[in-house]
Number of protein chains: 4
Amino acid sequence: MEIPKLVITDIDGVWTDGGMFYDKTNQEFKKFNTSDSVGVLFLKYLEIPLVIITGENTNIVQRRAEKLKIDQVHLGVSNKLELAKSICKNLNITLNEVAFIGDDINDIELLSKVGFSAVPNNSPSYIKNIVDLVLKTNGGDGAFREFVEHLVNKFSSIDNMLLKYFEEKNLTQ
Amino acid sequence: MEIPKLVITDIDGVWTDGGMFYDKTNQEFKKFNTSDSVGVLFLKYLEIPLVIITGENTNIVQRRAEKLKIDQVHLGVSNKLELAKSICKNLNITLNEVAFIGDDINDIELLSKVGFSAVPNNSPSYIKNIVDLVLKTNGGDGAFREFVEHLVNKFSSIDNMLLKYFEEKNLTQ
Amino acid sequence: MEIPKLVITDIDGVWTDGGMFYDKTNQEFKKFNTSDSVGVLFLKYLEIPLVIITGENTNIVQRRAEKLKIDQVHLGVSNKLELAKSICKNLNITLNEVAFIGDDINDIELLSKVGFSAVPNNSPSYIKNIVDLVLKTNGGDGAFREFVEHLVNKFSSIDNMLLKYFEEKNLTQ
Amino acid sequence: MEIPKLVITDIDGVWTDGGMFYDKTNQEFKKFNTSDSVGVLFLKYLEIPLVIITGENTNIVQRRAEKLKIDQVHLGVSNKLELAKSICKNLNITLNEVAFIGDDINDIELLSKVGFSAVPNNSPSYIKNIVDLVLKTNGGDGAFREFVEHLVNKFSSIDNMLLKYFEEKNLTQ
């Protein structure tokens, strides 16, 4: 595979451990991991756009995306493959140029069609069997970051990423 | 055992790790796992009705049940065996046709009377000793899903489940 | 040691993993484990009174105690040994007749003076070294229950506890 | 290294496991560990001032600092090295006299410039490689306390710390 022209990520089970915190009224929490924010940053340095596609329809994901300055967030998506095709069409790229990280049955179709697919270590075995990369990390423990660092090590290097990080830091100060 | 005609599940310690989050006022949280929602789906495909029976009396469980479209939720139940008998009577089935997943002492009577019983891996040893299946997963880590997938593998197959999942997906779009 | 005439328990690090959840305003959460509630029940069957003594001064502990019907809760205690002495005096017993579970430096004095002392597995090694029993369980994972079941196995049996549990259940229905 | 004249600590990933709990509105939680509060206490006994420097800008950290009576809290810091230099200048000490615990890429510059540097066990390998001490504990599991106890064991002893703890306890009662 060449360097991907787009990265798509699922949220629940990837950016979280699948946990959904409910209270007695109408509130809900998700637990994200700040470690994954470095994955978002490294993708920016690799100049690969990032899109969130999730089946859940909750403002929680919107808030996390805003914090990390991710523009493209698609909530409440029942057919991820169709949406990904449509996004690819707009970008004039093919699914083969997409890298996608998911974790469960609603990700199977897209996982099996993209150029590079990955799941966290705690995904079901029958989903692990169909992807290119099974990560060492579980969902919520930095699986997204490990996924991005895999791309970094394949197409650039962590050292390059850190150089860009320090360059940008000096420019903004 | 034939394929069960009813599945009953406990909540705390099965759908959660037993954790009860309290604040300073009147609020409480439980942490569910989205992985278990696939268990609910697979039971639907197996055409086995699902009933929640819990000793706790909290709207948190009601909310989770509504999210997963589970109709039958019994809260604040002190005698699970009696209630299960009454449910069986209404459905014209016997306890021997029920599969039940619990985890602690208030589940013992029902666990020992149903046709198929299971507990998460972190249940007390004296409860593990009386059930048909000790799951590999702990409560809150997808124990309910593992329980359902055990039934799937016994009476159907994951492949069948996925076929039904994709069929239904195409119908609703 | 004879059967203790009083059990004293710390909360943070024993009934929890030491976690303190803070929000941006004035709210705080603790995560308890429903597994420990069976420990409270078994102590009742053993007819050993239970007292909570904690250095923290928060309504969260009060709420948990009320849920589990524990009358004696002492919050914001800086000198646990002095308070324990005073409680013993009122009950006309000695510290040697007390079993205590704590986990950290503010528990050292009381741990070293009671008849039977225990800490969760994740306590500091220099505190583990001074107690009678290092539990297999970590704080928040059911350490209090393991502590009580240790007493149960020493002075009665789990079978006896379950008999009492079923007796009481039948009486109240 | 001589005994440090200043200890600087990061928060997310050190005092927490990197977890950021988001709700649907505007609220956020962090999970601290009461075990680390003993680290704060031991630093006081060692007479080493403690400064919190974090890239995040949230009142959550302020609240935790107030609970533990830590005066110096710097939120929303993009360049930790520059700030640390300025703090050192005011105290008339050098970076070589500073011990710092961080965990991620925004800590690299300061980690590589201080006299003694440490990271939790779950830090990225390329950050572990540049520090003096990789702790056994993960962030949020008491990594900060292990870091302080390392200093205690190097320049004093746990026994001395406990002596001071009991002395102070008797004075205030």
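In table form, for the structure just shown:
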item	result
At 7 Å out from Cα toward Cβ: residue B:90 inter-copy label distances (nm, ascending)	4.8, 4.8, 6.8
Positions from segment B:44-65 whose accessible area shrinks by 50 Å² or more when the full protein complex is built, not the chain alone, probe 1.4 Å	B:63
For residue C:122, residues with placed amide H under 5 Å, excluding near neighbours	C:139
Per residue, in Å², the accessible surface of segment C:6-168 once ligands and nucleic acids are set aside, probe 1.4 Å	38
D/C buried area, accessible surface, summed, 1.4 Å probe, Å²	2400
5 angstrom amide H check on residue D:100, placed H, neighbours 5+ away	D:8, D:116, D:117, D:118
Computed accessible area, residue C:146, all protein chains, 1.4 angstrom probe, square angstrom	50
Ellipsoid equivalent to the protein assembly as shown - semi-axes via the Cα gyration tensor, in Å	40, 40, 18
222 nm mean residue ellipticity, helices alone, for the protein assembly as shown (DSSP H n ≥ 4; -39,500 (n - 2.57); rounded to 500)	-12000 deg cm²/dmol
Given C:31/C:128; A:113/A:136; A:128/B:154; C:5/C:113, the pairs whose alpha carbons are separated by over 18 Å	C:31/C:128; A:113/A:136; A:128/B:154
Relative contact order for segment B:6-168, counting Cα pairs under 8 Å that sit 6 or more residues apart, in percent	28
Accessible surface, 1.4 Å probe, highest first, among residues A:132, D:103, A:71	A:71, A:132, D:103
Gyration tensor verdict on segment D:83-173 (Cα atoms; rounded if a/c is under 1.5, prolate if a/b is larger than b/c, oblate otherwise)	oblate
For segment B:30-80, convex hull volume per residue from C-alpha positions, Å³	74
Overall form of segment B:108-149 per C-alpha gyration tensor (a/c, 1.5; a/b vs b/c)	oblate
Segment A:6-168 shape via C-alpha gyration tensor axes, a/c threshold 1.5	rounded
Across the identical copies, how the residue D:162 labels are spaced - nm, sorted shortest first, 7 Å along Cα→Cβ	4.0, 4.0, 5.7
Cα centre as origin, Lys/Arg/Asp/Glu Cβ charges: segment C:83-173 dipole, Debye	180
Carbon + sulfur, % of accessible area of segment B:6-168 - ligands and nucleic acids excluded, 1.4 Å	44
Part-to-part distance (alpha-carbon centres) for segment C:28-51 and segment B:92-162, which is given in Å	26
Among beta bridges that DSSP assigns inside segment D:6-168, antiparallel share in %, nearest 5	10
DSSP-defined beta bridges in the protein assembly as shown - what % are antiparallel, rounded to 5	30
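The values are calculated or read from the model by the stated rules, or taken from the named source; none is laboratory data. These numbers come from a predicted model, not from an experiment. All Cβ positions, glycine included, derive from the backbone under ideal geometry; neighbour counts span all protein chains shown. These area figures cover heavy atoms from the full protein model, side chains too; ligands, DNA and RNA do not enter into them. Shrake-Rupley method; radii C 1.70, N 1.55, O 1.52, S 1.80 Å.
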